[in-house]
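The values are calculated or read from the model by the stated rules, or taken from the named source; none is laboratory data. These numbers come from a predicted model, not from an experiment. Cβ atoms come from the backbone with ideal geometry, glycine included; neighbour counts cover every protein chain shown. Note: areas computed on protein heavy atoms with side chains; ligands, DNA, RNA excluded. Shrake-Rupley method; radii C 1.70, N 1.55, O 1.52, S 1.80 Å.
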Amino acid sequence: SGESGAGKTESTKLLLQHIMNLCKGNSQLEQQILQVNPLLEAFGNAQTVMNDNSSRFGKYIQLRFQKNTVQGAKLSEYLLEKSRVVQQDTGERNFHIFYYMFAGLSSEQKEVYGLLDPSLYRYISGRFGTQEVAERWKHKYQEVCNALDMVGFQEQEQVDMQAILAGVLSLGNVTFEPEESNGSVKVSEASRGWLKAAAVSHKKSSLCVPSSPVSSSVSCCCSLCVDARDSIAKMAYGRVFGWIVCKINELLAENVDPEVELREIGILDIFGFENFAVNRFEQLCINLANEQLQHFFNHHIFQLEQAAYKEEGLPWETITFKNNEPILNLLLAKPLGLLSLLDEQSAFPQATDKTFVDKLNSSFKGNLHFQPARGRVLGFSIIHYAGKVQYAANGFLEKNRDTLPANIRGLFINSVTPLLHRQVPLHIHHEPKPTLARVKCGHEALLIFLCPCQHSLMMLMERMYSANPHFVRCIKPNSQKEPGVLDNQVVLLQLRYNGLLETIRIRRDGFSWRPSFEEFAER
């Protein structure tokens with residue numbers, strides 16, 4: 001764990017290499033486990049203002065062992081930031097793979113996929129890199145191709161995948177205009193070429209946007225059409241990413257007798273705490289995950305540890321720590337936690353982001369960890385364990401629903417590309433069914449309803465609590481992304497809010513090494 005840009009992903013790669021080395025690192029499986037990283041980073045990482053290679057999803061890697069040899073591995077992914085496909089803030093980029101394609105594909109291949117100059121595409125904000133950066137991306141593209149071959153993607157599957165990515169970029173340039181004759185909305189004349197490019201990439205793949213009046217004249221306002229267009233793009237990219245994870249798991253699955261008991265080491269590499277100039281729904285989900293991990297850390301390092309000392313009657317002066325339970329209650333409590341109120345508002349068709357914020361302001365008046373926005377700003381602030389974050393509430397309800405209209409779902413089901421139609425869940429056009437779950441928060445169990453986003457986090461925390469944890473705390477040396485520079489104040493702030501100063505004290509004054517009686521007697 002640690003802030004965005006603190007080195008979690010790099011530390012994870014080093015830890016994996018170390019474990020493989022301890023296993024002698026010779027088997028094909030061990031090498032494959034190390035080689036899937038370029039693939040995951042290309043499709044799941046992006047440049048942000050805090051980190052040039054920021055993980056925009058959480059991953060949990062389970063390594064399964066028999067007699068100190070790796071027998072298999074499984075990858076679970078959490079909360080891919082699909083909204084990045086259609087929108088990036090100033091100083092940020094889309095997922096790496098789009099830039100790698102432009103740099104790595106030949107002119108002939110670009111023509112096959114209908115790709116033009118990168119400056120033309122709205123979804124990558126018309127931004128590209130210098131020649132030096134492009135050369136690096138070209139090398140990265142080759143790494144991705146090698147990884148796709150190694151994971152077992154057939155040539156046609158790789159063609160389909162890249163055709164979908166090219167189609168997503170073209171789709172972002174489709175615009176809409178009113179139909180004068182009947183007051184409906186249609187695809188603008190200027191962007192019909194982009195629609196055609198999105199629908200068919202030289203007959204190699206299809207997003208199946210039909211040529212019937214449905215696609216070119218839709219009786220709804222332009223903003224709804226834009227939302228539908230972006231929904232298609234996000235869903236298509238999410239399908240590609242999910243497909244890659246499934247193929248990786250097929251490759252790395254253990255091939256042993258089910259009766260054989262395997263031991264397991266799990267490594268969690270999850271997006272770090274974020275505080276940007278503009279923070280949205282995605283940042284709230286990311287920061288909630290970090291709040292939960294911080295509570296998990298406190299629970300193991302302070303609560304369980306000191307309870308054990310007390311139980312054994314040891315002379316011990318209680319060490320206090322910064323408990324973030326009140327923040328988790330603010331976010332997760334039922335029925336008046338922030339996410340419960342968000343689910344409640346998401347269920348009302350007439351509700352808006354403003355009615356949601358009004359509900360928060362009335363429900364959390366006087367709460368020490370909540371601050372209403374000043375003036376006419378539509379938003380609110382949360383005082384997190386790592387500091388105050390101001391959230392812009394625009395889009396909260398729509399992103400929490402995360403639904404596709406039924407007619408758009410039909411486009412995926414009828415697609416000629418297996419990748420798109422075979423993975424669309426049947427319930428995707430319904431409102432997400434909330435999951436009932438019980439959260440252990442200190443001594444109290446909270447009953448909460450979970451939308452799919454929250455359910456993903458809940459599954460993750462259940463895994464964490466069922467394991468015997470070791471914590472790797474990554475500390476960011478400076479805020480300028482500079483090598484070899486240690487900013488004392490930046491480091492000290494992290495040591496304080498992470499509870500590491502109290503951790504040092506409990507490790508120094510407590511009993512951090514606990515041999516068994518047998519080990520003690522032998523020594």
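How about the stretch 33-69: which of its residues are basic (Lys, Arg) and assigned to a strand (DSSP E or B)? Give the steps one after another, and end with the answer.
We begin by selecting, within the stretch 33-69, every residue basic (Lys, Arg); these are 56, 59, 64, 67.
Correct list: LYS59, ARG64.
Residues of the stretch 111-137 that are assigned to a helix (DSSP H, G or I) and over 24 Å from the mean Cα position of the chain (by Cα): GLU111, VAL112, TYR113, PRO118, SER119, LEU120, GLN131, GLU132, VAL133, ALA134, GLU135, ARG136. Residues that are open to solvent by less than 10 Å² (accessible area, probe 1.4 Å) and either assigned to a loop (DSSP other than H, G, I, E, B) or in contact with a Ser or Thr (Cβ under 6 Å, 6 or more places away or on another chain) (or both) within the stretch 309-346 comprise ILE319, ASN324, GLY337, listed in sequence order.
Would it be correct to say that PHE302 is open to solvent by less than 10 Å² (accessible area, probe 1.4 Å), under 19 Å from PHE511 (Cβ atoms) and part of a helix (DSSP H, G or I)? Steps first, answer last, please.
Numbers: open to solvent by less than 10 Å² (accessible area, probe 1.4 Å): yes; under 19 Å from PHE511 (Cβ atoms): yes; part of a helix (DSSP H, G or I): yes.
It is true that PHE302 is open to solvent by less than 10 Å² (accessible area, probe 1.4 Å), under 19 Å from PHE511 (Cβ atoms) and part of a helix (DSSP H, G or I).
Scanning the stretch 91-110 for residues that are assigned to a loop (DSSP other than H, G, I, E, B) and over 19 Å from ASN45 (Cβ atoms) yields LEU105, SER106. Residue count for the stretch 470-514 satisfying the condition of being among the β-branched types (Val, Ile, Thr), open to solvent by 50 Å² or more (accessible area, probe 1.4 Å) and closer than 17 Å to GLN303 by Cα: 1. Any residue at all in the stretch 429-444 that is at pLDDT 80 or above, farther than 30 Å from GLY313 by Cα and open to solvent by less than 80 Å² (accessible area, probe 1.4 Å)? No, because not a single residue in the stretch 429-444 is at pLDDT 80 or above, farther than 30 Å from GLY313 by Cα and open to solvent by less than 80 Å² (accessible area, probe 1.4 Å).
For the stretch 460-478, the set of residues classified as free of Cβ contacts under 8 Å to residues at least 60 places away in the same chain and of a type outside the set (D, E, K, R) consists of SER466, ASN468, HIS470, PRO477, ASN478, listed by residue number.
Report whether or not GLU264 is in a strand (DSSP E or B) and either surrounded by 22 or more Cβ atoms within 10 Å (Cβ to Cβ) or assigned by the TED database to the domain that holds LYS82 (or both). Yes, satisfied. The lone criterion from (1) modelled with pLDDT of 80 or more; (2) β-branched (Val, Ile, Thr); (3) assigned to a helix (DSSP H, G or I); (4) open to solvent by 20 Å² or more (accessible area, probe 1.4 Å) left unmet by ILE248 is number (4).
Listed by first and then second residue, the pairs linking a residue in the stretch 344-370 that is in the same structural domain as HIS384 (by the TED database) and more than 15 Å from ILE383 (Cβ to Cβ) to a residue that is of a type in the set (Val, Ile, Thr) and part of a helix (DSSP H, G or I), with Cβ atoms under 6 Å apart and 6 or more places separating them unless they lie on different chains, form an empty list. The set of residues in the stretch 164-181 that are free of Cβ contacts under 8 Å to residues at least 40 places away in the same chain and among the charged types (D, E, K, R) comprises GLU179, GLU180.
Among the conditions (1) under 30 Å from LYS399 (Cα atoms); (2) in a loop (DSSP other than H, G, I, E, B), the only one that SER83 does not satisfy is (2).
For the stretch 46-80, filtered to residues that are open to solvent by 20 Å² or more (accessible area, probe 1.4 Å) and of a type in the set (D, E, K, R), the residue that is nearest to LYS476 (Cα to Cα) is ASP52.
Can you say whether GLU482 is modelled with pLDDT of 65 or more and assigned to a helix (DSSP H, G or I), as far as the supplied structure shows? Taking the combined requirement at face value, the residue does not satisfy it. Among all positions in the stretch 1-15, there is at least one residue which is in a strand (DSSP E or B), outside the structural domain of CYS246 (by the TED database), at pLDDT below 95 and not aliphatic (A, V, I, L, M).
Contact map, the stretch 73-102: first residue at pLDDT 95 or above, second residue open to solvent by 20 Å² or more (accessible area, probe 1.4 Å) and among the hydrophobic types (A, V, I, L, M, F, W, C), Cβ cut-off under 6 Å, separation 6 or more or different chains; pairs are TYR99/TRP137; TYR100/TRP137.
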